[in-house]
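Colleague: I have a structure here, written as structure tokens, and I will follow up with some questions on it.
The values are calculated or read from the model by the stated rules, or taken from the named source; none is laboratory data. Values in this document were obtained by computation on a predicted structure and should not be read as measured data. When we count neighbours, we look across all protein chains shown, and the Cβ atoms used for this are built from the backbone with ideal geometry, even at glycine.
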Amino acid sequence: MCLITPSLILFSKRHTHSLVDGKGGNAVSNNNLNPFWITGLCESSGHFFIKPFIRHGVWQINYCFEIVLPVAEQSILYRIRDFFGVGLIYIKNKQCIYRINRLKDLLNVIIPHFTNYPLLTRKVMIFKLWKNALSLVEKKQQFSNTGLIQILEIYAAMVNNKIKKSVALHFPNLIPVSLPSYSIDISEFNGWWRYALRVFNY
């Protein structure tokens with residue numbers, strides 16, 4: 001059940017805004033972000049990536065977390081960066097990208113956030129897979145053949161087996177891991193989560 005029904009105050013044509021609840025609470029202004037609001041935003045605009053690549057004949061794993069919004073909404077991403085205290089912001093074409101790719105920051109900041117303020121849509125399955133992959137990276141398992149295969153099979157599940165051609169060529173027998181269990185409890189819905197999801201679902 002939604003306990004708070006936020007209202008939207010527009011400062012521009014689209015969603016550069018301040019969110020205010022019925023009790024005068026503010027989710028965005030002065031960097032006082034509601035963590036459930038951030039999670040709701042990430043349901044539509046957040047991305048968990050595992051990116052295998054080969055360099056000088058050696059397979060390596062890149063990983064990151066991103067939130068992508070139109071350039072007009074970049075002020076929101078700067079506030080989110082201030083909230084987390086880590087990561088960088090980039091402008092590419094007409095998009096503004098908030099990216100965190102340091103393993104320490106992902107393990108100590110991003111994973112705890114989504115553990116304490118969980119995703120509620122099917123994206124939670126991608127998060128769980130990504131979290132498992134980072135756990136292997138933390139243990140440096142990507143440097144062993146067995147560990148690398150484990151990470152690649154997680155990656156294959158994350159991209160619904162639509163793996164890069166280079167990966168498919170070198171690892172033709174990859175079997176994607178099973179997707180984590182998923183269920184949704186409507187009682188877990190938070191007003192800020194639901195509202196951010198609706199507003200930013202471009």
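Colleague: Name the pairs whose Cβ atoms lie under 7 Å apart, with the first residue in the range 90-118 and closer than 19 Å to Ile50 by Cα and among the aromatic types (Phe, Trp, Tyr), the second modelled with pLDDT of 95 or more and in a helix (DSSP H, G or I), and 6 or more positions between them or separate chains?
Modeller: Tyr98/Leu77; Tyr98/Ile80; Tyr98/Arg81; Phe114/Phe127
Colleague: Something else: So which of Leu148, Leu136 is in contact (Cβ under 8 Å) with a residue 24 or more places away in the chain, in a helix (DSSP H, G or I) and not hydroxyl-bearing (Ser, Thr, Tyr)? Before the answer, list the steps.
Modeller: On the way: Leu136 fails: in contact (Cβ under 8 Å) with a residue 24 or more places away in the chain.
When all the criteria are applied, what remains is Leu148.
Colleague: Could you list all residues from the range 60-84 that are of a type outside the set (Asp, Glu) and assigned to a helix (DSSP H, G or I)?
Modeller: Val71, Ala72, Gln74, Ser75, Ile76, Leu77, Tyr78, Arg79, Ile80, Arg81, Phe83, Phe84
Colleague: With respect to Leu103, determine if the residue is touching a strand residue (DSSP E or B) at 6+ places or on another chain (Cβ under 8 Å) and over 20 Å from Ser181 (Cα atoms).
Modeller: Judged against the criteria, Leu103 is a match.
Colleague: OK, next. Can you name every residue in the range 41-55 that is assigned to a strand (DSSP E or B) and among the small types (Gly, Ala, Ser)?
Modeller: The answer is Gly46, and nothing else.
Colleague: Do the conditions hold for Glu138, that is, is it of a type in the set (Asp, Glu) and over 14 Å from the mean Cα position of the chain (by Cα)?
Modeller: Yes, satisfied.
Colleague: Output the qualifying pairs, or none if there are none: Cβ atoms under 6 angstrom, residues six or more apart or on different chains, first residue in the range 165-179 and of a type in the set (A, V, I, L, M), second residue loosely packed, with under 13 Cβ neighbours inside 10 Å and part of a loop (DSSP other than H, G, I, E, B).
Modeller: Sorted first by the residue in the range 165-179, then by its partner, the list stays empty.
Colleague: Going by the structure shown, is Trp130 of a type outside the set (Asp, Glu), closer than 20 Å to Ser181 by Cα and touching a residue at least 24 places away in the same chain (Cβ under 8 Å)?
Modeller: yes
Colleague: Select from the range 50-83 the residues that are β-branched (Val, Ile, Thr), surrounded by 20 or more Cβ atoms within 10 Å (Cβ to Cβ) and within 14 Å of Leu152 (Cβ to Cβ) and list them in ascending order.
Modeller: Once the filter is applied, which keeps residues that are β-branched (Val, Ile, Thr), surrounded by 20 or more Cβ atoms within 10 Å (Cβ to Cβ) and within 14 Å of Leu152 (Cβ to Cβ), the range 50-83 yields Ile50, Ile61.
Colleague: Kindly indicate whether Asn62 is of a type outside the set (Lys, Arg), out of contact with any strand residue (DSSP E or B) (no Cβ under 6 Å at 6 or more places or on another chain) and under 30 Å from Lys165 (Cβ atoms).
Modeller: no
Colleague: Read through the list (1) surrounded by 14 or more Cβ atoms within 10 Å (Cβ to Cβ); (2) modelled with pLDDT under 95; (3) closer than 18 Å to Ile54 by Cα, then give the number of the only condition that Glu153 fails.
Modeller: Single failed check for Glu153: (2).
Residue by residue, here is whether (1) part of a strand (DSSP E or B); (2) at pLDDT 95 or above; (3) surrounded by 13 or more Cβ atoms within 10 Å (Cβ to Cβ) holds:
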residue	(1), (2), (3)
Val86	no, yes, yes
Cys96	yes, yes, yes
Arg99	yes, yes, yes
Leu107	no, yes, yes
Ile111	no, yes, yes
Phe114	no, yes, yes
Thr121	no, no, yes
Lys128	no, yes, yes
